[in-house]
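Peer 1: Okay, handing you the structure first.
Readers should treat all values here as calculations from the given coordinates under stated rules, not as data from a laboratory. What you see is a predicted model, and the numbers here were worked out from it, not measured in a lab.
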Ligand code: MBD
Ligand code: FE
């Protein structure tokens, strides 16, 4: 772990002390024309959106560096950290995205995007995708289960029985009309807190499925009440959390991508209201409207809990 951000904390502590001393002595005046010179280097044929956003990004980055008296050692440590995130990332793991998540950036960008595109006040709020989505989850008939390979030998067998849940609801328009043929793409972790691709012991595509709504917009599947779980903290993002004296936990959640032709695709998550981390999500993705209540289910040997939730899609 120490190799990923070499003795960063030690270096930062030394720098902080040195900085403190320097600030007491004098307020350094940095070149007042430098930032404008960098901004002005952009040419007339620059990519239009870049030409629009880069002056602001450069200004904020430069102001930040000046405000905290950022040193070469600190900047090098940050570069090393981002490089380490890249080296650790592949199609099973996205460490750079995780780093953005723990500083709230993915949630903020998601909020900006969904508010810019919203066409009604009733549509279901979005939540971030997170790094564990997989394309092409199996398409399953309504009323079937996304739980695979559950045998008494599995370490979390009892927990899975206790938390077995039937999830159902409708996909509707902002005016409440049912949307037929919508795809409800769903995924969550096993009770051990691991997504299937993080866990050799789980079958491929476990706890993942896609369901198509019927003529009344209904979907239904069996799953589990989601367990709270720590985001992977064995890489640079986890090391960063420790340096910030933060915990890695997320409240238990079920991910959804709900899509239908001519409607805006909704990426969101539902949170179990029993969870101790609802108010304390390490990636800042909880919204009140997405906190749900599971109720006890009678007379169904397949599930002890029920959840009803309707998704409201916005129009294009
Ligand atoms: C997750 O499982 C997740 O859903 C998010 C948003 C970030 C990190 C891990
Ligand atoms: Fe998740």
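Peer 1: Give me the number: length gained by fully extending residue 54 to residue 180, i.e. 0.36 nm times residue separation minus the C-alpha to C-alpha distance, one decimal in nm.
Peer 2: On the way: separation 126, 0.36 × 126 = 45.36 nm, distance 4.29 nm.
Gain on stretching residue 54 to residue 180: 41.1 nm.
Peer 1: Pull up the DSSP beta bridges for region 116-313 and report the antiparallel fraction as a percent, rounded to 5.
Peer 2: Values: 28 of 40 bridges.
Beta bridges within region 116-313, antiparallel portion: roughly 70 percent.
Peer 1: Here is a further query. Tell me whether region 116-313 comes out rounded, prolate or oblate; compute the Cα gyration tensor, take square roots of the eigenvalues as a ≥ b ≥ c, and use a/c under 1.5 as the rounded threshold.
Peer 2: Numbers: a/c = 1.67, a/b = 1.19, b/c = 1.40.
It is oblate, given that a/c is not under 1.5 and a/b is not larger than b/c.
Peer 1: If you line up the long axis of helix 48-68 against the longest principal axis of the chain, both from Cα atoms, how many degrees apart are they, to the nearest 10?
Peer 2: Taking the Cα atoms of the chain, the angle to 48-68 is about 60 degrees.
Peer 1: Next up: Taking the Cα centroid of region 153-170 and of region 76-142, what is the distance between the two, rounded to the nearest whole Å?
Peer 2: Between the Cα centres of region 153-170 and region 76-142 lies a distance of 26 Å.
Peer 1: Hey, what angle do you get for helix 8-25 against the long axis of the chain, alpha-carbon based, 0 to 90 degrees rounded to 10?
Peer 2: Result, in degrees: 40.
Peer 1: First check a/c for region 105-231, with a ≥ b ≥ c the square roots of the eigenvalues of its C-alpha gyration tensor; if it is under 1.5, answer rounded, and if not, answer prolate when a/b is larger than b/c or oblate otherwise. Walk me through the numbers on the way to the answer.
Peer 2: Working: a/c = 2.31, a/b = 1.43, b/c = 1.61.
Here region 105-231 falls in the oblate category.
Peer 1: If you line up the long axis of helix 72-88 against the longest principal axis of the chain, both from Cα atoms, how many degrees apart are they, to the nearest 10?
Peer 2: Value to nearest ten degrees: 30.
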